[in-house]
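Okay, so here's the structure we're looking at.
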Amino acid sequence: MTRVYLDHNASAPLKPAVKAAMVQALDLVGNPSSVHGFGRAVRRAVEDARAQVAALAGVRPAQVFFTGSGTEANNLALRGFPGRRLVVSAIEHESVLATAPDAPRIPVDRDGVADLDALKRLLAAGEGPALVSLMLANNETGVIQPVAQAAAIAHAHGALLHCDAVQAAGRLPLDLAALGADLLTVSAHKIGGPAGAGALIIAEGLEPEALIRGGGQEKRRRAGTENVVGLVGFGAAARLALQELPDAERLTRLRDALEAQVRDAVPEALVMGGGAARVGNTSCLLLPGAPGETQVMALDLAGVAVSAGSACSSGKVKPSHVLAAMGQGADAAASAIRVSLGWDSDAAAVDRFVAAYAGMAQRRWRAPAA
Ligand code: PLP
């Protein structure tokens, strides 16, 4: 049985050209901080990668600060300005929520779009300068957030805006200035690069405090000898993501076809966030009464890999905080799966998913006809 991978939002398969670039980089010798010829060659590889990531984000290379993950970039953004109070949306990734446990949450509507009037109220209510964190595309639903408007509101209140663009990179054009963001997070392994490489893009003139101190790497914002092979892979993946942005339309058509077929085959399934603008690769399907983890296991047995919309901790199904914020009750918020397509997805994969999903719904959860 060939297995079908529809979990790109968790981690995309490494693109072959990225792998080739990384294999070549394994032969580089030396430390990029060394001044000899070996070191200078390695430095060139790191700086080429920086330029490629900068092009993807619409910024100058000097604005790209490499980190060990998207998680670390989010931590650097939020912890880098200790004088500012944090305001974060209720649907952020755990790496933002756990970094700002006491921060007020910007609520979202039933489609999962941040409520900008609430943001205005939260900013007006607090004392002192703030830092707002609002993601560009949600990892569970794909719903696109009104980042440019939020940035304008933030700036009118003297606040900075951080945007986690991990799930938007390669799916939407990125441009720091057009978004109005001051800080932007990207991660390599969601765009066909390796895990363990991320970046925080920083607007000119801002200087977050370093989380990791030691050497002078990344202009003292992130000490530690660079993960050269990982960064070369990140650069190659960023170059391809930019080139292949038009492929997003193909994925949107595939995703829309998937949802149309699901509606026909399993009418009780609900598309979460379907009323809002979404990135074209993601579908969050809620099947009332069917725990997400059980759905994931049933689909895995049928050879189709997807994620539960909810995280699983210590064997227990945890309701999705994203779906809960969208107004779903605890049971519903634990009954969703996320299907996420990417560069290697095709119509055959969608057909396999729909057949497996319809079979699962039929066998296990559909009430017998009266
Ligand atoms: N932000 C979002 C929206 C994500 O989906 C993820 C990964 O799932 C991250 C941040 C974390 O990125 P990384 O896996 O590189 O730490």
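Taking segment 4-34 only, how many residues are part of a loop (DSSP other than H, G, I, E, B), away from the ligand (no atom under 16 Å from the Cβ) and out of contact with any helix residue (DSSP H, G or I) (no Cβ under 9 Å at 6 or more places or on another chain)? Give the steps one after another, and end with the answer.
Narrowing segment 4-34 to residues part of a loop (DSSP other than H, G, I, E, B): 6, 8-15, 26-34.
Within this subset, residues satisfying the condition of being away from the ligand (no atom under 16 Å from the Cβ) are 15, 26-34.
Right, trim to out of contact with any helix residue (DSSP H, G or I) (no Cβ under 9 Å at 6 or more places or on another chain) and you get 27.
Number satisfying all stated conditions: 1.
Say whether the condition of being buried (at least 24 other Cβ atoms within 10 Å of the Cβ), within 13 Å of the ligand (Cβ to nearest atom) and at pLDDT 95 or above is met by at least one residue in segment 113-131.
Residues of segment 113-131 buried (at least 24 other Cβ atoms within 10 Å of the Cβ): 114, 119, 131.
Cutting the leftovers down to within 13 Å of the ligand (Cβ to nearest atom) gives us none.
No, there is no match, as no residue in segment 113-131 is buried (at least 24 other Cβ atoms within 10 Å of the Cβ), within 13 Å of the ligand (Cβ to nearest atom) and at pLDDT 95 or above.
When only residues in segment 137-156 that are of a type outside the set (Val, Ile, Thr) and out of contact with any strand residue (DSSP E or B) (no Cβ under 7 Å at 6 or more places or on another chain) count, which is farthest from the ligand (Cβ to nearest atom)?
First pass over segment 137-156, keeping only residues of a type outside the set (Val, Ile, Thr): 137-140, 142, 145-146, 148-152, 154-156.
In the following step, the residues that additionally are out of contact with any strand residue (DSSP E or B) (no Cβ under 7 Å at 6 or more places or on another chain) were identified as 138-139, 148-149, 152, 155-156.
Values: ASN138: 7, ASN139: 3, ALA148: 18, GLN149: 19, ALA152: 22, HIS155: 23, ALA156: 26 Å.
Going through the qualifying residues, I end up with ALA156.
With the requirement that a residue be surrounded by 24 or more Cβ atoms within 10 Å (Cβ to Cβ) and assigned to a helix (DSSP H, G or I), what does segment 140-167 give you?
Of everything in segment 140-167, those that are surrounded by 24 or more Cβ atoms within 10 Å (Cβ to Cβ) and assigned to a helix (DSSP H, G or I) turn out to be VAL147, ALA150, ALA154.
Could you grab me the full set of residues in segment 64-92 that are surrounded by fewer than 22 Cβ atoms within 10 Å (Cβ to Cβ), part of a loop (DSSP other than H, G, I, E, B), within 14 Å of the ligand (Cβ to nearest atom) and not aliphatic (A, V, I, L, M)?
Those that are surrounded by fewer than 22 Cβ atoms within 10 Å (Cβ to Cβ), part of a loop (DSSP other than H, G, I, E, B), within 14 Å of the ligand (Cβ to nearest atom) and not aliphatic (A, V, I, L, M): GLY68, SER69.
I need every pair where a residue in segment 215-227 that is at positive phi and of a type in the set (Lys, Arg) has its Cβ under 7 Å from the Cβ of a residue that is surrounded by 14 or more Cβ atoms within 10 Å (Cβ to Cβ) and modelled with pLDDT of 95 or more, sequence separation at least 6 or different chains.
Once the first residue is at positive phi and of a type in the set (Lys, Arg) and sits in segment 215-227, its partners that are surrounded by 14 or more Cβ atoms within 10 Å (Cβ to Cβ) and modelled with pLDDT of 95 or more give ARG220/ALA210.
Residues are listed down the side, and each one gets a yes or a no for (1) surrounded by 23 or more Cβ atoms within 10 Å (Cβ to Cβ); (2) more than 15 Å from ARG60 (Cα to Cα); (3) of a type outside the set (Val, Ile, Thr); (4) within 16 Å of the ligand (Cβ to nearest atom):
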| site | (1), (2), (3), (4) |
| --- | --- |
| GLY198 | yes, yes, yes, yes |
| ALA210 | no, yes, yes, no |
| GLY235 | yes, no, yes, yes |
| LEU254 | no, yes, yes, no |
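Being surrounded by fewer than 19 Cβ atoms within 10 Å (Cβ to Cβ) and either touching a residue at least 24 places away in the same chain (Cβ under 8 Å) or closer than 25 Å to ALA169 by Cβ (or both): is that true of ASP102 here? Outline the logic, then answer.
On the way: surrounded by fewer than 19 Cβ atoms within 10 Å (Cβ to Cβ): yes; either touching a residue at least 24 places away in the same chain (Cβ under 8 Å) or closer than 25 Å to ALA169 by Cβ (or both): no.
Against the criterion (surrounded by fewer than 19 Cβ atoms within 10 Å (Cβ to Cβ) and either touching a residue at least 24 places away in the same chain (Cβ under 8 Å) or closer than 25 Å to ALA169 by Cβ (or both)), ASP102 does not qualify.
Test each condition in (1) within 12 Å of the ligand (Cβ to nearest atom); (2) surrounded by 24 or more Cβ atoms within 10 Å (Cβ to Cβ) for LEU183 and report the one that comes out false.
Going through (1) within 12 Å of the ligand (Cβ to nearest atom); (2) surrounded by 24 or more Cβ atoms within 10 Å (Cβ to Cβ) one by one, LEU183 breaks only (1).
Please state which one of GLY215, GLY196, GLY192 is under 25 Å from ARG278 (Cβ atoms) and assigned to a loop (DSSP other than H, G, I, E, B). Walk me through how you get there before you give the answer.
Numbers: GLY215 fails: under 25 Å from ARG278 (Cβ atoms); GLY196 fails: under 25 Å from ARG278 (Cβ atoms).
Sole residue among the options that is under 25 Å from ARG278 (Cβ atoms) and assigned to a loop (DSSP other than H, G, I, E, B): GLY192.
Take the conditions closer than 26 Å to GLY198 by Cα and either in the same structural domain as ALA181 (by TED's automatic domain parsing) or not acidic (Asp, Glu) (or both) and apply them to PRO129. Does it pass? Spell out how you get there, then give the answer.
Numbers: closer than 26 Å to GLY198 by Cα: no; either in the same structural domain as ALA181 (by TED's automatic domain parsing) or not acidic (Asp, Glu) (or both): yes.
The answer is no for PRO129.
Being surrounded by fewer than 24 Cβ atoms within 10 Å (Cβ to Cβ) and in contact (Cβ under 8 Å) with a residue 60 or more places away in the chain is the filter; apply it to segment 169-180 and report the residue that is nearest to the ligand (Cβ to nearest atom).
Per the criteria, the residue is LEU172.
On the basis of being within 24 Å of LYS219 (Cβ to Cβ), touching an Asp or Glu at 6+ places or on another chain (Cβ under 8 Å), β-branched (Val, Ile, Thr) and touching a residue at least 40 places away in the same chain (Cβ under 8 Å), does VAL46 make the cut?
Working: within 24 Å of LYS219 (Cβ to Cβ): yes; touching an Asp or Glu at 6+ places or on another chain (Cβ under 8 Å): yes; β-branched (Val, Ile, Thr): yes; touching a residue at least 40 places away in the same chain (Cβ under 8 Å): yes.
Criteria met by VAL46.
Anything in segment 14-30 that is within 31 Å of the chain's Cα centre (by Cα), closer than 20 Å to GLY224 by Cβ and surrounded by fewer than 14 Cβ atoms within 10 Å (Cβ to Cβ)? List them, or say none.
LEU26
The values are calculated or read from the model by the stated rules, or taken from the named source; none is laboratory data. The structure presented is a predicted model; accordingly, all values stated were derived computationally and were not measured. Virtual Cβ from ideal backbone geometry, glycine too; neighbours counted across all protein chains shown.
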